[in-house]
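A.B. asks: Here it is, the structure in full.
The values are calculated or read from the model by the stated rules, or taken from the named source; none is laboratory data. These numbers were taken from a predicted model, which means no experiment stands behind them. As a convention, Cβ positions derive from the backbone with ideal geometry for all residues, glycine included, and neighbour counts pool all protein chains shown. Surface areas here come from the heavy atoms of the whole protein model, side chains and all, with no ligands, DNA or RNA. Shrake-Rupley method; radii C 1.70, N 1.55, O 1.52, S 1.80 Å.
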Amino acid sequence: MPRSRRSCRSRCAMQVGSFDMVCRMVEQGVGIGVLPYAAILPQLQILKLRCLKLDAPWAVRRHLLCVRRQQDLTAAARSVLEHLGRPD
């Protein structure tokens, strides 16, 4: 079975405070980083990095919208909530 098709657990050996720091550490050869595309895009033109798309099932993430109380949202925030999804 290809390595990308095996299930794997992510193990974080190091945590840093920003996406920028991850990119700079990768550029210096410290290791690899798994980042959202939007976070690495600005760095691709500045740093010597190569971006590879992950297609493994473990790389798929579920995103949620969080609100404290829907009735307290501003009209603009309520509009965004209605556009992007429905609360559960």
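A.B. asks: Determine how large the accessible area of residue 55 is when every protein chain is in place; take a 1.4 Å probe and give Å² rounded to the nearest 10.
C.D. replies: About 90 Å², ignoring ligands and nucleic acids.
A.B. asks: A follow-up question, please. Sorted by accessible area (1.4 Å probe), largest first, how do 51, 23, 66 line up? Walk me through the intermediate numbers first.
C.D. replies: Details: 51 60, 23 0, 66 120 Å².
Result of the area sort, largest leading: 66, 51, 23.
A.B. asks: Related question: Label residue 68 and residue 38 with points 7 Å out from Cα along Cα→Cβ: what is the distance between them in nm?
C.D. replies: 2.3
A.B. asks: Going by amide H atoms built from the backbone, whose H comes under 5 Å of the H on residue 73, apart from near neighbours?
C.D. replies: Result for residue 73 returns nothing.
A.B. asks: As an exercise, use a Förster radius of 41 Å and the Cβ-Cβ distance of residue 78 and residue 28 to find the FRET efficiency, rounded to the nearest 0.05.
C.D. replies: Rounded to the nearest 0.05, the efficiency is 0.35.
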